[in-house]
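The values are calculated or read from the model by the stated rules, or taken from the named source; none is laboratory data. Just so it is clear, the structure is predicted and the values come from calculations on it, not from any experiment. All Cβ positions, glycine included, derive from the backbone under ideal geometry; neighbour counts span all protein chains shown. Each accessible area value is taken on the protein alone, full model and side chains, heavy atoms only, with ligands, DNA and RNA left out. Shrake-Rupley method; radii C 1.70, N 1.55, O 1.52, S 1.80 Å.
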Amino acid sequence: MKRLPIGIQSFANIRTEADYYYVDKTRLVAELANKGKYFFLSRPRRFGKSLFLDTLRQAFLGKKELFNGLYLENNWDWSQRYPVIHISLGSGVHRDKAELQETMRVILNRHVEKYNVSLETTNIKDRFFELIQRLCEKHHQKVVILIDEYDKPILDQIDRPELAVDLREELKNFYSVIKDADEYLKLVFITGVSKFSKVSLFSGLNNLQDITLHEKFATICGYTHEEMTSTFAERLNGVDLEQVRTWYNGYNFLGEPVYNPFDILLFLDTREFRNYWFETGSPSFLIKLIEKNNYPIPRIDGIETSENILSSFDIDMIQIETLLFQTGYLTIKGTSRIGSKISYFLTYPNLEVRSSLTDYILDYLSNRPFEKERNQSKLYRCLLSTDLDGLKDIFHAFFASIPYDWYRKNGMAGYEAYYASIFYCYFTALGLDVRTEEMTSNGRLDMAVRLNDRVFILEFKVIELDKTPGAALEQIKTKRYWERYRTAVGAGPSPEIYIIGVEFSKDNRNIVNYEWERV
């Protein structure tokens, strides 16, 4: 078998050092070169951005021998070679503006030595411009600029706004050179996780084409199902492909959905379903933002937002929806046009992200990771055996175990959706089919949970807001929320349906009324 290129971001290494698998993305290199000059691409971390950028670099350097057998071998003008400036900001954390300036200085000096040119200026911005100009003059060819992880210095300090602004302004000053150097440039390709507004970071570069949600480039990073099954066919014997799809596929950038390459490579190495991608990063800043805005967790799955919110990011105006999408915790489920505007519907891309994120949030909401782990297996067994009284005991004991001091410090515990969020995270972290705020003919239900041939419908109330005991269960009965699930299974047998009313007290910080029936 060929070797799996786990963690390798060098196209040259994949093509020369060993017999590695490679999913051919070189057709998109040709598409870019023929389409325009200035491009921007946003993708979540560990999605293959760096590898694609290096593939671009080797093509423009004219390294034909690396492309033997690939699409680009016979679809590229190999007689032309271009000087390439490759800037990567993906390594290390910049603790202040001086460190960022030093990184830029080192990168520029590396290119000065590589191409054996002399620069007269000392200011970083001026040296960048002069480097472009000298390379163009020396090689009698326009210059290619490739910038990888352009936003990482800012994102690393996003929870320190003043420092993040300083770093942003330093980068803005550096990137402004690109506009003034237009006459010397062949192609500019910039990648990152987030998309900062052009005003805040790319001032003047109005012709920068964003291909993040361009259908033609939807699969520029990541593996399509066909690419995965054809490239890694010999490693997929005996593998449940539907399970692989459920766990790792589903990222949608308005084209064919793709797998995260990092997940697929590690799964093929171990053949174990695990949360590979999620474990490589911590969404701690996202959790802080959710707490700050008292954002109900069940609302995450099913967000509807506009194109502006989806693609606009800045330090002083961070939207939860934007952050969830750009960091890869949500993806596009569908779109609809309302007049001249497009609405985007967001959802979790797959089981890995859905279960991992809610499990992480649950740890934060409860501050009881050990209790949570112990309760999850109990909870699952209760649902399997329809022991709904046991279910109530698990949650009651869990809420009672949370210290008062945690409620006092945790801003999220002060709003009514906190308790429903605990239920939601428990169910979702177990990988169950959980639906929230689904519309019925009589209204919108709070939560429905599917497990095998059973459906559990839950309604939540806070007694300080609704002082009628039994109001939660009565609402399900009055609205007849279960009726849509009678027919949801099509020609199969009708599912067992259970309705559960759960009422909390914000003062007591626990469940004070819990009723259920089978309908």
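Along the charge dipole of the chain, Cβ charges K/R +1 and D/E -1, which of 74, 421, 209 sits furthest on the positive end?
74
Quick one: grab the alpha carbon gyration tensor of the range 70-185, order the square roots of its eigenvalues as a ≥ b ≥ c, and give me rounded if a/c is under 1.5, else prolate or oblate depending on whether a/b is larger than b/c. Walk me through the intermediate numbers first.
Values: a/c = 2.36, a/b = 1.59, b/c = 1.48.
Prolate shape, in that a/c is at least 1.5 and a/b is the bigger ratio.
Taking every eigenvalue of the Cα gyration tensor of the chain, multiplying by 5 and rooting it, what semi-axes result, largest first, whole Å? Mind showing how you got there, number by number?
On the way: eigenvalues 475, 139, 77 Å².
In descending order, the three semi-axes are 49, 26, 20 Å.
Where in the chain are the helices, taken as whole DSSP H runs, whose Cα atoms extend 18 angstrom or more along the long axis and whose Kyte-Doolittle mean reaches at least 0.0? If you can, show how the numbers build up before the last one.
Details: long enough: 97-115 (27 Å, -0.81); 124-139 (22 Å, -0.58); 161-180 (29 Å, -0.40); 351-366 (22 Å, 0.20); 369-384 (23 Å, -1.11); 388-401 (20 Å, 0.63).
Within the chain the helices that satisfy the rule are 351-366, 388-401.
Over all alpha-carbon pairs in the range 212-270, figure out the percentage whose distance exceeds 14 Å. List each step's numbers first, then the result.
Details: 891 of 1711 pairs.
The answer is 52 percent, as a whole percent.
Among residues other than residue 346 whose Cβ falls under 9 Å from its Cβ, what is the net charge (Lys/Arg +1, Asp/Glu -1)?
On the way: positive: 333; negative: 301, 304, 321.
Once positives and negatives cancel, what remains is -2.
Using a cut-off of 13 Å between beta-carbons, work out the net charge of the residues near residue 153 (Lys and Arg +1, Asp and Glu -1, residue 153 not included).
Values: positive: 95, 97, 152, 160, 168, 172; negative: 96, 99, 102, 148, 149, 151, 156, 166, 169, 170.
Around residue 153, the surrounding residues sum to -4.
Provide the gained length on full extension for the span residue 35 to residue 438, in nm with one decimal, where the gain is 0.36 nm per separating residue minus the Cα-Cα distance.
Values: separation 403, 0.36 × 403 = 145.08 nm, distance 4.27 nm.
Result for the pair: 140.8 nm of gain on full extension.
If we restrict to alpha carbons, what Rg and Dmax does the range 1-113 come to, in Å?
Rg, Dmax (Cα atoms, Å): 15.8, 47.
Once neighbouring chains are kept in place and the probe is 1.4 Å, which whole percent of the accessible area of the chain is contributed by carbon and sulfur? Show your work: numbers first, answer last.
Values: 10180 of 22620 Å².
So the carbon and sulfur contribution to the accessible surface is 45 percent.
Would you tally the net charge around residue 469, using a Cβ to Cβ cut-off of less than 10 Å, leaving residue 469 out, and scoring K and R as +1, D and E as -1?
-2
Can you give me the convex hull volume of the Cα atoms of the range 135-261, divided per residue and expressed in Å³?
Details: hull volume 20.6 nm³, N = 127.
Output value, Cα hull per residue: 162 Å³.
So what is the 222 nm mean residue ellipticity for the chain from helices alone, if each DSSP H run of at least 4 adds -39500 (n - 2.57) and you divide by all residues, rounding to the nearest 500 deg cm²/dmol? Walk me through the intermediate numbers first.
On the way: 21 runs with 215 residues, N = 519.
After summing the helix terms and dividing by the residues of the chain, the value is -12500 deg cm²/dmol.
Given 10 Å bins starting at zero, what is the percent of C-alpha pairs of the range 262-356 in each, up to the one with the largest pair distance?
Binned Cα distances yield the sequence 14, 42, 30, 12, 1.
How big is the range 48-92 along each principal axis, measuring the range of its Cα positions in Å and listing the largest first?
Principal-axis extents of the Cα atoms in the range 48-92, largest first: 38, 22, 13 Å.
What is the P(r) of the range 265-317, as percent of Cα-Cα pairs per 5 Å bin from 0?
4, 13, 14, 21, 18, 12, 11, 8, 1
At 0.36 nm per residue, and after removing the present C-alpha to C-alpha distance, how many nm does the segment from residue 2 to residue 509 gain when stretched out fully?
Details: separation 507, 0.36 × 507 = 182.52 nm, distance 5.65 nm.
Residue separation times 0.36 nm, minus the Cα-Cα distance, leaves 176.9 nm.
Please pull out the direction-averaged projected area of the range 315-386, using the convex hull of its alpha-carbon atoms, in nm² to one decimal place. Intermediate results must be reported in sequence, preceding the final value.
Numbers: hull surface 31.7 nm².
Reported value for the Cα convex hull: 7.9 nm².
Take residue 299 and residue 464, extend 7 Å from each Cα along the Cα→Cβ direction, and tell me the distance between the two endpoints in nm.
In this crude spin-label approximation the distance works out to 1.9 nm.
Between residue 118 and residue 172, what FRET efficiency follows from the Cβ-Cβ distance if R0 is 22 Å, with the result rounded to 0.05?
On the way: r = 28 Å, r/R0 = 1.26.
So, using R0 = 22 Å, E works out to roughly 0.20.
Plugging the Kirkwood radius over Cα pairs into Stokes-Einstein for the range 430-499, at a temperature of 37 °C and a viscosity of 0.692 mPa s, what D comes out in µm²/s? It would help to have the intermediate numbers written out before the result.
Working: Rh = 12.9 Å.
D = 255 µm²/s.
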